[in-house]
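In what follows, a single structure is set out as structure tokens and then discussed.
The values are calculated or read from the model by the stated rules, or taken from the named source; none is laboratory data. What you are looking at is a predicted structure, and each value in this text was computed from that prediction instead of being measured. Heads up, the Cβs are rebuilt from the backbone with ideal geometry, glycines too, and the neighbour counts pull from every protein chain shown.
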Amino acid sequence: MTAPNALQGIPASVVHLLRDAAQDYPQHWALRFEGQRLCYADYAGIVGALVQELQPMVAPGERVGLLLQNSLDLAVAIFAVHALRAQVVALNPGYGERELQAMLGDADVRLLIADDSVRVDLPTVCASLPAERILQTGSSGCSFLRLLDSQTALPQDLPGHADLATLQYTGGTTGQPKGVDISHGHLAANLLQREARLPTRPGQEVVLCPMPLFHVSAVAMCLHLSAFAAAELVIQRRFDASATIHALAHEGVTLMSGAPAIFHDLLRQPDIEQVKAGKLRACYSGAAALPERTLRDFERLTGCPIYEGYGQSEAGPCLTYNPVQGVRKPGSVGMAVPGCELRIVDEQGNDVAVGTVGEICVRGPQVMAGYRNRPDLTQQVLRDGWLYTGDLASQDEDGYVFIQGRCQETINVGGFKVYPLEVEQTLRECASVGDCAAFGVPDERLGQVVHAWVTPAPGCRPDEQALRTYCASQLAHYKTPRRIAITEALPRTAVGKLARKELKPVGAVIAPRSVT
């Protein structure tokens with residue numbers, strides 16, 4: 001078990017951080033988006049003006065839906081909703097009608113703000129909302145700059161630890177999305193926990209955000225981190241590898257957070273080594289396991305270290321990180337952040353031995369209040385103060401965590417457990433493999449067998465038999481993929497995670513879907 005450390009001086013809310021940055025660094029650049037820039041004084045003033053506009057329509061404790069692409073508007077809207085002491089419900093604007101109806105209905109939003117990227121009929125999706133409660137911002141991503149001439153101070157009655165800040169919908173591996181209730185206390189505590197592992201320099205950082213801000217991970221590691229550090233946040237509407245290389249090399253970026261898929265794509269840019277000419281000093285990786293080869297190649301070509309971590313929407317979202325000041329272990333997601341207790345347990349809830357795979361359980365000030373309208377699921381995962389994450393890992397003698405996958409993704413081959421990540425790590429050792437995914441498919445005799453899809457490394461043509469032969473030399477027979485096939489790209493979610501539900505048995509056709 002990882003022993004907790006006391007957290008001192010937890011801010012009352014993330015809005016207090018924006019207020020303090022505007023007071024201490026009023027003329028410091030705060031936001032940059034597609035040629036537009038805001039200083040902290042104007043940032044806070046526009047947020048205050050938007051609060052004044054929305055206040056007649058939203059009461060404290062109510063929920064506001066945000067269907068916005070990455071933009072200046074989304075950053076302003078998130079802080080405005082927080083400042084209203086209302087709850088942010090930021091959703092992927094690319095969702096379909098059925099997905100949005102389910103989530104917005106469960107959230108019972110009282111106001112919806114959307115941009116032109118939404119392709120569904122919003123009055124149909126939100127039939128219970130009057131037309132005046134559906135606000136359209138257009139396509140510029142900068143519509144709230146209209147408030148520059150009507151700036152207003154932030155409200156005096158800002159949220160506190162007990163106020164709910166965010167309702168984050170997560171599908172996980174259970175199918176039906178679940179709404180995670182996250183309070184301002186959870187967010188503020190997790191900011192300090194992250195800062196202890198990954199310290200920032202107040203007033204000196206430039207943070208690049210290529211990840212979607214409708215997800216709590218990018219909000220924590222980009223939007224809220226920037227306010228905490230009084231940093232300038234450079235927002236990309238969507239990830240573009242070429243534009244990202246240019247930003248890292250020429251736009252003064254010092255910090256970047258991204259999913260492994262982003263680092264994978266950057267490595268395929270011919271001008272990747274230009275990053276060395278910039279000011280990038282640290283990158284943070286999460287959302288999925290970062291292949292060691294990707295880490296080594298990125299650091300060799302850019303000169304910038306990647307600090308890998310692990311978390312969940314249900315917990316802050318930061319649970320572990322490799323420390324900047326301390327030992328960094330490739331292949332590990334690091335140690336538990338201060339103030340967080342972490343255990344690895346067996347199916348009976350007993351602690352397992354060092355090096356043994358089990359389920360991660362955590363307890364700390366960043367753990368969610370529960371799932372909205374789902375007391376049954378809340379009771380399943382929150383037991384005696386511990387969050388049972390559903391993620392499998394082992395822990396070494398120093399407390400470093402090594403992720404093995406999800407409990408529900410474990411493949412059962414004739415009674416033997418196979419962890420997909422172990423098979424994937426083996427496949428990635430082959431020079432011809434760019435990316436890969438291992439998964440279980442039904443088998444009449446054994447229950448399940450292992451199949452895998454791989455994408456080719458640049459200039460390579462992977463051979464199924466050669467890959468199977470290599471796997472057989474490194475893995476037990478039952479872990480060796482029965483079939484391996486080549487595909488152009490693997491399906492991924494909007495935050496860069498492998499969309500395992502979309503993987504089909506080898507012999508079927510999978511439709512590639514890249515990070516958007």
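Assess whether P458 counts as being of a type outside the set (A, V, I, L, M, F, W, C), part of a strand (DSSP E or B), exposed (fewer than 15 other Cβ atoms within 10 Å of the Cβ) and modelled with pLDDT under 95. In short, no. Per the listing Q52, Q27, Q36, the residue uniquely in contact with a Ser or Thr (Cβ under 6 Å, 6 or more places away or on another chain) and in the same structural domain as R194 (by TED's automatic domain parsing) is Q52. From the list R300, R281, R296, the lone residue that is surrounded by fewer than 19 Cβ atoms within 10 Å (Cβ to Cβ), farther than 27 Å from V423 by Cα, among the basic types (K, R) and without any contact (Cβ under 8 Å) to a residue 60 or more places away in the chain is R281. Looking at G65, G138, just one residue is within 21 Å of R37 (Cβ to Cβ) and either part of a strand (DSSP E or B) or without any contact (Cβ under 8 Å) to a residue 24 or more places away in the chain (or both), and that residue is G138.
Before we move on, is A288 among the small types (G, A, S), at pLDDT below 90 and surrounded by fewer than 23 Cβ atoms within 10 Å (Cβ to Cβ)? Yes: the conditions hold for A288. Of the residues making up region 346-403, those that are within 17 Å of T170 (Cα to Cα) and of a type in the set (D, E, K, R) number 4. The lone criterion from (1) in contact with a strand residue (DSSP E or B) (Cβ under 7 Å, 6 or more places away or on another chain); (2) among the aliphatic types (A, V, I, L, M); (3) in a loop (DSSP other than H, G, I, E, B) left unmet by A431 is number (1). Assess whether L154 counts as being in contact (Cβ under 8 Å) with a residue 60 or more places away in the chain, hydrophobic (A, V, I, L, M, F, W, C) and either assigned by TED's automatic domain parsing to the domain that holds A75 or under 26 Å from L100 (Cα atoms) (or both). Yes: the conditions hold for L154. Among the residues making up region 245-278, those that are outside any helix (DSSP H, G or I), out of contact with any Leu (no Cβ under 7 Å at 6 or more places or on another chain) and of a type in the set (G, A, S) are G252, S257, G258, A259. Take the conditions surrounded by fewer than 24 Cβ atoms within 10 Å (Cβ to Cβ), touching a residue at least 60 places away in the same chain (Cβ under 8 Å) and among the hydrophobic types (A, V, I, L, M, F, W, C) and apply them to A49. Does it pass? Against the criterion (surrounded by fewer than 24 Cβ atoms within 10 Å (Cβ to Cβ), touching a residue at least 60 places away in the same chain (Cβ under 8 Å) and among the hydrophobic types (A, V, I, L, M, F, W, C)), A49 qualifies.
Tallying residues that are of a type outside the set (A, V, I, L, M) and in contact with a helix residue (DSSP H, G or I) (Cβ under 7 Å, 6 or more places away or on another chain) within region 423-462 yields 6. The residues of region 476-493 that are in a loop (DSSP other than H, G, I, E, B) and crowded, with 21+ Cβ neighbours inside 10 Å, listed by number, are T480, P481, L490, T493.
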